[in-house]
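Written out below as structure tokens is the structure these notes cover.
The values are calculated or read from the model by the stated rules, or taken from the named source; none is laboratory data. Computed from a predicted structure; not experimentally measured. As a convention, Cβ positions derive from the backbone with ideal geometry for all residues, glycine included, and neighbour counts pool all protein chains shown. SASA here: full protein model, heavy atoms, side chains in, ligands and nucleic acids out. Shrake-Rupley method; radii C 1.70, N 1.55, O 1.52, S 1.80 Å.
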Protein chains: 2
Amino acid sequence: MADSRTDTVVRRPGGRTARTRDAVLTAALHELREHGHARLSIDAVARRSGVARATVYRRWGDRDGLVLDVVGWFGAAQATVPDTGRFADDLRLWARGIAAMLTDPTSAALVRAVLATDPDSGHAVRQQFWRTRRDLVRPVVERALDRGEIPAGSDVDEVIRHVGAPLYYRFLVLDEPVTPADADLAAAVTALAGRSGLFRPETG
Amino acid sequence: MADSRTDTVVRRPGGRTARTRDAVLTAALHELREHGHARLSIDAVARRSGVARATVYRRWGDRDGLVLDVVGWFGAAQATVPDTGRFADDLRLWARGIAAMLTDPTSAALVRAVLATDPDSGHAVRQQFWRTRRDLVRPVVERALDRGEIPAGSDVDEVIRHVGAPLYYRFLVLDEPVTPADADLAAAVTALAGRSGLFRPETG
């Protein structure tokens, strides 16, 4: 059932509680990928993970609680946060990571399941995905601010949105492959705009 | 049933065939807004429009054919294509138009119905929406190329994608309001990148 990527994700130290969480989230990830957010069943997740149904309900409450935990866990596990010492290079590597996430079949299916979902029921899940990813990459922008590569007062969240938006747009709206060249372009555009001070609210 | 915006859209000259089309597409637009793409019923559209069910099937074939026509018709009717003589101003006005479209409840609901839909069944609809809008705004970028405001060889489609992407991303993924300030920022970032030659494939 589990593919090699997921195996890599879940192998980490921890006690029985951590192992239970990993088993449940891995099962939920596979169920999400196969059935999507709207049709995710806690019973199916419990069966697949070998963890008691009552344990899943006690720990995650309901489907939404479980999906939120999967999305945070997977969104973080997917990411390598670059620190090359140069803003443009860090952005390029971050964008390449997004392109890779939207290309790998497992992670692409998960991203689609959480982002291209029902407007109402999916809101909290999309927010969780955005916040998880945003919090991971914030240091990249903050280091660029510290080094003076982008001017003080630049809106960190806007920088992060602009580097990802063309890639998610391509993936969700155009259904086109997201290539490393697309990532490099999104990063170059955002780095130039950042250096030029366009992300300071007063000049935007 | 019809609100004032839709009334404005459908009042135009034409014979009986044009009036039938307008009646059916207006009804389909309301059904799409209320029920979404997946639950759109041709029978309900026929009832609402007062046009015979057989006529609707004969002319549009099936639900997908009808939705495609609605999306092309509405995507074009929504748009004002700017021609100020300056690339940056044209882009800003185009982006403002996207922000307005994603803010008005009627058009926002339609855009959500066509873009945030099932990955498989929605593909042709999303492509139609993208192509309709892309074809409308192409002259803006081509005029900027002619005037030498952006360097020869720049990829027109990439320019168009970059100005819209942060706005659609905000709307679809973050579920946040899309403001005129967001539009101005997306346009400023894209105009700067365009002037700097980032949209030439060899330098992207």
| Counting only protein heavy atoms and rolling a 1.4 Å probe, how much accessible area do A and B lose on contact, total for both sides, in Å² to 100? | 3100
| remark: Note: residue A:23 to residue A:181 extended length (0.36 nm per residue) minus current alpha-carbon separation gives 53.3 nm
| task | Every other copy gets compared here: list the nm distances from the residue A:123 label point (7 Å along Cα to Cβ) to its counterparts, shortest first, one decimal. | result | 3.2
| remark: Inter-copy distances for residue A:86, label 7 Å out on the Cα-Cβ vector, sorted ascending, nm, one decimal, are 3.4
| Accessible area of segment A:70-204 belonging to carbon and sulfur atoms, whole % at 1.4 Å probe | 51
| For the pair residue B:104 and residue A:89, what calculated FRET efficiency results from E = 1/(1 + (r/R0)^6), where r is the Cβ-Cβ distance and R0 = 45 Å, to the nearest 0.05? | 0.65
| task | Grab the DSSP H runs of the protein assembly as shown that are 4 residues or longer, score each as -39,500 (n - 2.57), total them, divide by all residues and round the 222 nm result to the nearest 500 deg cm²/dmol. | result | -21500 deg cm²/dmol
| query | Label 7 Å along Cα→Cβ of residue B:200; segment B:148-164 residues with amide nitrogen under 20 Å? | reply | B:148-162
| field | Copies compared at residue A:55 - label distances in nm, ascending, label defined 7 Å from Cα in the Cβ direction | value | 6.4
| said: If I take the Cα coordinates of segment A:120-204 and project them onto the principal axes, what are the three extents in Å, biggest first? | reply: 38, 30, 22
| Cα-based Rg of the protein assembly as shown normalised by 2.2 N^0.38 Å, two decimals | 1.06
| request: May I ask which residue of chain A has the beta-carbon nearest to the axis carrying chain A onto chain B, and at what distance in whole Å? | output: A:165, 2
| Just which residues of segment B:141-172 lose 10 Å² or more accessible area with every protein chain there, against their chain alone, with the probe set to 1.4 Å? | B:158, B:161, B:162, B:165, B:166, B:168, B:169, B:170, B:172
| query | Along the charge dipole of segment B:31-88, Cβ charges K/R +1 and D/E -1, which of B:67, B:45, B:88 sits furthest on the positive end? | reply | B:45
| remark: Tilt, helix B:16-35 to longest principal axis of chain B (alpha-carbon atoms), in degrees rounded to tens, equals 80
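Which whole-number value in Å² is the accessible area per residue of the protein assembly as shown, probe 1.4 Å?
42
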| note | So the angle from the long Cα axis of helix A:63-77 to the longest Cα principal axis of chain A, reported in degrees to the nearest 10, equals 50
| field | Cα-based equivalent ellipsoid, segment A:162-204: semi-axes from gyration tensor eigenvalues, Å | value | 24, 12, 4
| message | Suppose the Debye formula is applied to equal point scatterers at every Cα of segment A:16-64; what is log10 I(q)/I(0) at q = 0.25, 0.32, 0.33 Å⁻¹? | response | -0.88, -1.34, -1.39
| field | Rounded to 10°, Cα long-axis angle of helix B:87-101 versus longest principal axis of chain B | value | 30
| What does the convex hull of the Cα atoms of chain A come to per residue, in Å³, rounded to a whole number? | 132
| Separation between the residue B:138 and residue A:147 pseudo-spin-labels, each 7 Å from Cα along Cα→Cβ, expressed in nm? | 4.1
| remark: Those trypsin sites (Lys or Arg not before Pro) from segment A:90-194 that are DSSP loop and have at most 12 other Cβ neighbours within 10 Å turn out to be A:147
| query | For segment A:18-126, with equal point scatterers placed on the C-alpha atoms only and solvent neglected, what are the log10 I(q)/I(0) values from the Debye formula at q = 0.12, 0.13, 0.17 1/Å, to two decimals? | reply | -0.45, -0.52, -0.79
